[in-house]
Amino acid sequence: MQFKRFIEVGRIITVNFGPSRGKIGVIVDLIDKNRCIIDGWTGRQVINNKRMILTRTLIKINRSMSSKKIKEELNKNTDLINKFNESVWFQKNHLKKKRSLFNDFDCFKHIIGKKNKKILFSC
């Protein structure tokens, strides 16, 4: 099985650390083997490669393209964003974010619901 998600200009990424955590961005330029410049809904910033998750999707942009043109490209490719939102990875992280906002009683209801579901479907 070959590795197919390379760090390249135009690759859609999500940030997994810092204040932009969970936001979608695009690789605009490569600085060196450990850092790159991203732009999009995260704002233009230099980010370490360890702090981003590469997705399968690519858009056609040129190196060092302006922020305005990149946002136009992202808005043009709304089906790409919808496809990303339907992915299993996004849905898992969305559920984690929802569960982190639970209070004690919500956690209790969730646990009881899981137990009842297991009992119903075990037969």
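Below are the figures for this structure:
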item	result
Unique residue being over 22 Å from residue 87 (Cα atoms) and surrounded by 13 or more Cβ atoms within 10 Å (Cβ to Cβ) when the list is 38, 59, 47	47
Residue match in segment 95-105 (condition: out of contact with any Leu (no Cβ under 7 Å at 6 or more places or on another chain), outside any loop (DSSP other than H, G, I, E, B), among the acidic types (Asp, Glu) and surrounded by 12 or more Cβ atoms within 10 Å (Cβ to Cβ))	no
Residue in segment 106-115 that is at pLDDT below 90, of a type outside the set (Val, Ile, Thr) and either open to solvent by less than 100 Å² (accessible area, probe 1.4 Å) or assigned to a helix (DSSP H, G or I) (or both) present	no
Strands (runs of 3 or more DSSP E) lying entirely in segment 1-68 (those with 2 or more residues that are over 14 Å from the mean Cα position of the chain (by Cα))	24-30, 35-40, 45-48
Among the candidates 95, 80, 30, 54, residue that is in contact (Cβ under 8 Å) with a residue 60 or more places away in the chain and hydrophobic (A, V, I, L, M, F, W, C)	80
Subset of segment 78-94 [farther than 19 Å from residue 16 by Cβ and open to solvent by 100 Å² or more (accessible area, probe 1.4 Å)]	79, 83, 86
Check on residue 78, within 30 Å of residue 6 (Cα to Cα) and in contact with a Leu (Cβ under 9 Å, 6 or more places away or on another chain)	no
Qualifying residues in segment 1-26 (those that are free of Cβ contacts under 8 Å to residues at least 24 places away in the same chain and within 23 Å of residue 68 (Cβ to Cβ)) - the one least open to solvent (accessible area, probe 1.4 Å)	23
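The values are calculated or read from the model by the stated rules, or taken from the named source; none is laboratory data. These numbers come from a predicted model, not from an experiment. Using ideal geometry, Cβ is built from the backbone for each residue, glycine included, and neighbour counts are taken over all protein chains shown. Each accessible area value is taken on the protein alone, full model and side chains, heavy atoms only, with ligands, DNA and RNA left out. Shrake-Rupley method; radii C 1.70, N 1.55, O 1.52, S 1.80 Å.
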